[in-house]
Amino acid sequence: MNTNKIAELNDKLRKNLFTPGKNQVFISAGVSSLPYLEQARLLDKVQKFNDFNEENNPYGERDFSRIEHQGINYFWKIDYYNETMDAGSENPADETITIRVLTIMRADEY
């Protein structure tokens, strides 16, 4: 598996949350309940996150981490699905057959 390509595609989604395409972004109920300005600040932190290390990035794909916002821990994670979204992608390094789903949630919702 091409870990570097997967990491590159994950960064592309995370840094460009609002780019049209087949990838998707979901926020949990806990995130959705924040005032809009706080949602925007949290999304900005996700987009700018770059503190990857062995603990939060053991496989080198840059697909998960924890961030803190206003004293609350949040997780963001990226999953890889096939084009019909009924199973995982056979090759997450191939963006032509993979739909990436970025989910942002409160840690206590995980």
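Could you list, in sequence order, all residues of the stretch 53-78 that are in contact with a strand residue (DSSP E or B) (Cβ under 7 Å, 6 or more places away or on another chain) and not in a strand (DSSP E or B)?
Correct list: Asn56, Asp63.
Could you list, in sequence order, the residues of the stretch 27-44 that are in contact with a Lys or Arg (Cβ under 7 Å, 6 or more places away or on another chain) and hydrophobic (A, V, I, L, M, F, W, C)?
Passing the criteria: only Val31.
Please enumerate the residues belonging to the stretch 62-78 that are open to solvent by less than 40 Å² (accessible area, probe 1.4 Å) and among the β-branched types (Val, Ile, Thr).
Result: Ile67, Ile78.
Scan the stretch 1-49 for residues that are among the small types (Gly, Ala, Ser) and at pLDDT below 95 and jot them down.
Gly21
Report, by residue number, each residue of the stretch 79-104 that is assigned to a strand (DSSP E or B), buried (at least 19 other Cβ atoms within 10 Å of the Cβ) and touching a Phe, Trp or Tyr at 6+ places or on another chain (Cβ under 7 Å).
Arg100, Leu102, Ile104
Just to be sure before I move on: is Phe75 within 29 Å of Ser33 (Cα to Cα) and without any contact (Cβ under 8 Å) to a residue 24 or more places away in the chain in the structure I sent?
No; evaluated as a whole, the condition is false for this residue.
Given the options Phe64, Phe52, Phe75, name the one that is modelled with pLDDT of 95 or more and closer than 14 Å to Gly30 by Cα.
Being modelled with pLDDT of 95 or more and closer than 14 Å to Gly30 by Cα holds for just one of Phe64, Phe52, Phe75, which is Phe75.
If you go through the stretch 4-45 one residue at a time, how many are surrounded by fewer than 15 Cβ atoms within 10 Å (Cβ to Cβ), in contact (Cβ under 8 Å) with a residue 60 or more places away in the chain and more than 11 Å from the chain's Cα centre (by Cα)?
Count: 2.
Quick one: what pairs do we get from the stretch 89-110, first residue under 16 Å from Ser65 (Cβ atoms), second in a loop (DSSP other than H, G, I, E, B), C-beta under 6 Å, 6+ apart or different chains?
Listed by first residue and then by second, the contacts come to Arg100/Asn23; Met105/Ser28; Glu109/Ser28.
The values are calculated or read from the model by the stated rules, or taken from the named source; none is laboratory data. If you're wondering where the values come from, they're calculated on a predicted model, not measured in any experiment. Cβ coordinates were reconstructed from backbone atoms using ideal geometry, including for glycine residues, and neighbour counts include every protein chain displayed. With ligands, DNA and RNA removed, areas are computed over all heavy atoms of the protein, side chains included. Shrake-Rupley method; radii C 1.70, N 1.55, O 1.52, S 1.80 Å.
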